[in-house]
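Below is one structure, written out as structure tokens, with a few remarks after it.
Please treat every number below as a calculation from the coordinates, not as lab data. In this text, all values refer to a predicted model and were calculated from it rather than measured experimentally. Please note: Cβ atoms are built from the backbone with ideal geometry, for glycine as well, and neighbour counts cover all protein chains shown.
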Amino acid sequence: MRLSVIISTYNSPRWLEKVLWGYSCQTHRDFEIIIADDGSTAETKALIDRMRGETGLTIKHVWQRDDGFRKCRILNKAILHVESEYVVFTDGDCIPRRDFLAVHAEEARPDHFLAGSYRRLPLITSEAISKEDILSGRCFRLDWLHAHGFPRSYKNLKLTASRTQARLLHKLTPARPNFKGGNSSAWLKDIMRVNGFDMRMAYGGEDREFGARLVNAGIKPRHVRYNAIVIHLDHARGYVDPAQVEANKTLREATEKFRTKRTEYGINLLLNDGKNIQPAFE
């Protein structure tokens with residue numbers, strides 16, 4: 001099964017490099033990567049160009065100019081470059097375990113989307129992770145993580161559950177399987193059916209609103225939170241605007257209340273603007 005992996009990023013080349021090393025050692029090999037770049041400088045382009053050569057990965061770089069937090073727009077733009085039937089969404093601060101894509105491919109079902117999770121690392125642990133730690137897989141081991149500043153917690157089950165344990169935990173978890181931009185996947189036809197992400201939304205629940213429209217369209221969610229594993233690197237979040245988060249919440253609640261299936265502020269607007277598919281940095 002061929003996958004398209006959309007990775008969002010903004011001016012974080014050091015973290016993005018670690019993430020790309022994670023994709024270089026995936027057990028599932030049939031995939032392309034599309035970097036959804038929300039206006040990064042030339043440093044990110046240089047990294048992507050270098051990593052193509054060093055990893056052999058198929059990487060497309062889809063860029064837009066920096067005009068504030070416009071993740072939904074760049075995700076929609078990246079979707080227009082997808083060349084497979086199934087799309088995995090993640091972020092440029094989420095390092096995948098080597099079986100991450102294999103799990104998404106194995107768990108994909110018609111008329112469903114997959115909703116995962118992540119384990120957030122403190123900054124000291126995030127900075128300690130090297131290329132060798134990623135390629136060897138030791139940065140996913142609790143003994144290594146604890147030795148590098150990672151706290152002990154029951155939440156670490158996300159990193160240690162076996163396949164059998166993961167199936168049981170998915171049944172027992174009280175959490176709803178909401179779409180998460182750092183670790184979720186869906187069929188391209190279903191993404192297009194709901195018109196992608198709502199570009200009125202900045203940071204704060206924009207991925208969850210997209211998932212709500214998938215549900216309204218009859219696409220059922222399935223958990224992969226205990227078997228599709230990514231570790232989330234720490235960073236500052238200067239783009240968080242409480243007023244925008246609240247506005248996003250209002251939009252999401254309206255989507256849920258009125259059972260909205262399709263946004264009128266999605267991919268269709270890019271198709272109409274005549275500037276939708278420049279893959280290069282420009």
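If you take the residues in the stretch 128-157 that are crowded, with 21+ Cβ neighbours inside 10 Å and out of contact with any Ser or Thr (no Cβ under 7 Å at 6 or more places or on another chain), which one is nearest to TRP21 (Cα to Cα)? Here the residue is ILE134.
Highlighted here are the strands (runs of 3 or more DSSP E) found entirely within the stretch 24-104 that include at least 2 residues which are among the aliphatic types (A, V, I, L, M) and within 17 Å of the chain's Cα centre (by Cα): 31-37, 59-63, 86-91. Just so you know, in the stretch 18-36 the residues that are under 23 Å from ARG65 (Cα atoms) and out of contact with any Lys or Arg (no Cβ under 8 Å at 6 or more places or on another chain) include one that is surrounded by the most Cβ atoms within 10 Å (Cβ to Cβ), and it is VAL19.
If you check THR125, THR90, THR164, THR160 for being β-branched (Val, Ile, Thr) and over 20 Å from GLY22 (Cα atoms), only one passes: THR164. Looking at the structure I just gave you, is SER8 closer than 21 Å to SER130 by Cβ and among the small types (Gly, Ala, Ser)? Answer is no for this residue. Quick check on GLU206: is it over 22 Å from VAL194 (Cβ atoms) and charged (D, E, K, R)? Answer is no for this residue. When we screen SER184, SER153 for residues that are out of contact with any helix residue (DSSP H, G or I) (no Cβ under 6 Å at 6 or more places or on another chain), closer than 30 Å to THR263 by Cα and polar (S, T, N, Q), the only hit is SER184.
For the stretch 158-188, the tally of residues that are loosely packed, with under 15 Cβ neighbours inside 10 Å and in a helix (DSSP H, G or I) stands at 8. For first residues located in the stretch 4-20 and under 26 Å from LYS189 (Cα atoms), partners that are surrounded by fewer than 21 Cβ atoms within 10 Å (Cβ to Cβ) and lie 6+ apart or on another chain with Cβ distances below 6 Å form the pairs SER4/GLU32; SER4/VAL82; SER4/SER84; VAL5/PHE31.
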